[in-house]
């Protein structure tokens, strides 16, 4: 593995973590809205 490959993997890992956080926040928003409006699953 070359240094550029390692840098790409690190960047992809950071992007993946950002996307996971955004998804988790979206799920929390959806859950909060459903509880406010009384929507059941």
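In which sequence would 21, 40 go, from the one with the fewest C-beta neighbours within 10 Å to the one with the most?
By the 10 Å Cβ count, ascending, the order reads 40, 21.
Can you give the helix-only mean residue ellipticity at 222 nm for the chain, where every DSSP H stretch with n ≥ 4 adds -39500 (n - 2.57) and the sum goes over all residues, rounded to the nearest 500 deg cm²/dmol?
-31000 deg cm²/dmol
Hey, of (1) 12.6, 40; (2) 17.2, 54; (3) 18.6, 51, which did the structure itself give for Rg and Dmax of the Cα atoms in Å when calculated?
The listed entry that was calculated here is (2).
Report, in degrees rounded to the nearest 10, the 0 to 90 angle that the Cα long axis of helix 3-37 makes with the longest principal axis of the chain.
0
Quick note: the coordinates plus some simple rules give every number you see, no bench work behind them. Since the model is a prediction, treat every value here as computed from it, not as a measurement. Reconstructed Cβ throughout: ideal geometry from the backbone, glycine too, with neighbour counts over all protein chains shown.
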